[in-house]
Amino acid sequence: MQAPSIALVAASVSSSEEITFAAESTKTSVVGVTPDYLSVQNLTLSEGVSITEQHLNGLSSVVILGVDVAEKLFDRTERLADEVVRIKGQPFKVIGVLQEEGGSAFGSADDQVLIPITTSLVRIQSRANREQVDMIYASASSSDVVSTAEEEIREILRERHHTAIGEDDFNIITQQSFIETASSITGILTIFLGGIAGISLLVGGIGIMNIMLVSVIERTKEIGLRKALGASKTTILSQFLMESLLISLLGGVLGILGGWGISALVGVLAASSNILLNPIIDINSVLMATLFSAAVGIFFGLYPANRASSLEPVEALRSE
């Protein structure tokens, strides 16, 4: 065996076609597959049977429906065996229905139909080269040999395509590469959103400082009177710092409530679109946001508070 690290292999071809039943129709992805496709892709059937070698050899007109397609055509997802649908006007007998999988960033596994790959190549796509496929899926025998399996596949394809090292005319994508790509995108988004958050904090802090400076100016006589009656510099400083802190915390609480509301809305929209996305509000994030709000209030309120506490009582009482 050329690839001992490979457990299962499945090829596929796909095209977007119209599928009809009676007066109902929908455009969906028609995927021509080999018998091991369901196992490699971790797909299961809610009812019916899978595509077999006999279906491939006989160019059988059989189809497995995704649940979204079944709902659109039959308004149900059960008891559909032996029903007949048409793909590009050709009759196909339903032999199974896929278990609901939900959507992902790469589309919905429920909005597709599966047919034998030979039938797709000959009767649906009518390709001149019937040995050409769009994708080949491989499942490693264990997670420990993924890298070895990838190298075995690479060597086999180079041999069959007669390509030299560094001149590959194919791409090999593993789950690890998907994770690395997702992590890279997440990192970029984190930096981008962090920059936006930093700018927002700066603008909010400057706003708080301006509000407190205006408050100091408007309450100059009050400050002078309190200092004349014996209020210390520390007392005045603490008063204005506390006011700045409360303003900042109030803004932080409103922001947390707004974020919670948006997260809940995103969860509802994702559920209605069959997308596996469940936003969670972590208590640590709430505490961090609260601490940042308090820090912003104290930092940007320090200058106005210090200015208020430094006023001379006589000059403050004389001000208009």
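Restricting attention to the stretch 1-58, the residues that are in a loop (DSSP other than H, G, I, E, B) and hydroxyl-bearing (Ser, Thr, Tyr) total 5. Taking the conditions exactly as written (touching a helix residue (DSSP H, G or I) at 6+ places or on another chain (Cβ under 9 Å) and either surrounded by 11 or more Cβ atoms within 10 Å (Cβ to Cβ) or not assigned by TED's automatic domain parsing to the domain that holds Phe300 (or both)), does Thr181 satisfy them or not? In short, no.
Against the condition of a type in the set (Val, Ile, Thr), surrounded by 17 or more Cβ atoms within 10 Å (Cβ to Cβ) and either under 25 Å from the mean Cα position of the chain (by Cα) or over 20 Å from Leu193 (Cα atoms) (or both), how does Ile280 come out, does it pass? Walk me through how you get there before you give the answer.
Working: of a type in the set (Val, Ile, Thr): yes; surrounded by 17 or more Cβ atoms within 10 Å (Cβ to Cβ): no; either under 25 Å from the mean Cα position of the chain (by Cα) or over 20 Å from Leu193 (Cα atoms) (or both): yes.
So Ile280 fails the test.
Of the residues Met212, Met288, the single one that is within 30 Å of Gly194 (Cβ to Cβ) and either surrounded by 13 or more Cβ atoms within 10 Å (Cβ to Cβ) or touching a residue at least 40 places away in the same chain (Cβ under 8 Å) (or both) is Met212.
Residues checked against (1) at pLDDT 75 or above; (2) within 27 Å of the chain's Cα centre (by Cα):
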residue: Gln132; (1), (2): yes, no
residue: Ala140; (1), (2): yes, yes
residue: Glu150; (1), (2): yes, yes
residue: Ala164; (1), (2): no, no
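Have a look at Thr190, Thr174, Thr186, Thr163 and point out the one that is under 25 Å from Val31 (Cα atoms) and either touching a residue at least 24 places away in the same chain (Cβ under 8 Å) or of a type outside the set (Lys, Arg) (or both).
Thr174
Cβ separations smaller than 6 Å between residues 6+ apart or across chains give the following pairs from the stretch 47-67 residues that are under 15 Å from Glu83 (Cα atoms) to residues that are among the hydroxyl-bearing types (Ser, Thr, Tyr) and surrounded by fewer than 21 Cβ atoms within 10 Å (Cβ to Cβ): Val67/Thr77. Return yes or no: is Lys27 free of Cβ contacts under 8 Å to residues at least 40 places away in the same chain and out of contact with any Lys or Arg (no Cβ under 9 Å at 6 or more places or on another chain)? Yes. Tallying residues that are among the polar types (S, T, N, Q) and exposed (fewer than 15 other Cβ atoms within 10 Å of the Cβ) within the stretch 215-260 yields 4.
Taking the stretch 269-285 as the search range and keeping residues that are hydrophobic (A, V, I, L, M, F, W, C) and modelled with pLDDT under 85, which one is nearest to Met212 (Cα to Cα)? Talk me through it step by step, then tell me what you get.
Of the residues in the stretch 269-285, the ones hydrophobic (A, V, I, L, M, F, W, C) are 269-271, 275-277, 280-281, 283.
If we keep only those that are modelled with pLDDT under 85 as well, we get 269-271, 275-277, 280-281.
Values: Leu269: 41, Ala270: 42, Ala271: 45, Ile275: 46, Leu276: 46, Leu277: 42, Ile280: 36, Ile281: 32 Å.
Checked the stretch 269-285; the qualifying residue nearest to Met212 (Cα to Cα) is Ile281.
Taken together, Ser238, Ser263, Ser232, Ser309 contain a single residue that is among the small types (Gly, Ala, Ser), modelled with pLDDT of 80 or more and within 44 Å of the chain's Cα centre (by Cα), which is Ser263.
The values are calculated or read from the model by the stated rules, or taken from the named source; none is laboratory data. What you are looking at is a predicted structure, and each value in this text was computed from that prediction instead of being measured. All Cβ positions, even for glycine, are placed from backbone atoms using ideal geometry, and neighbour counts span all protein chains on display.
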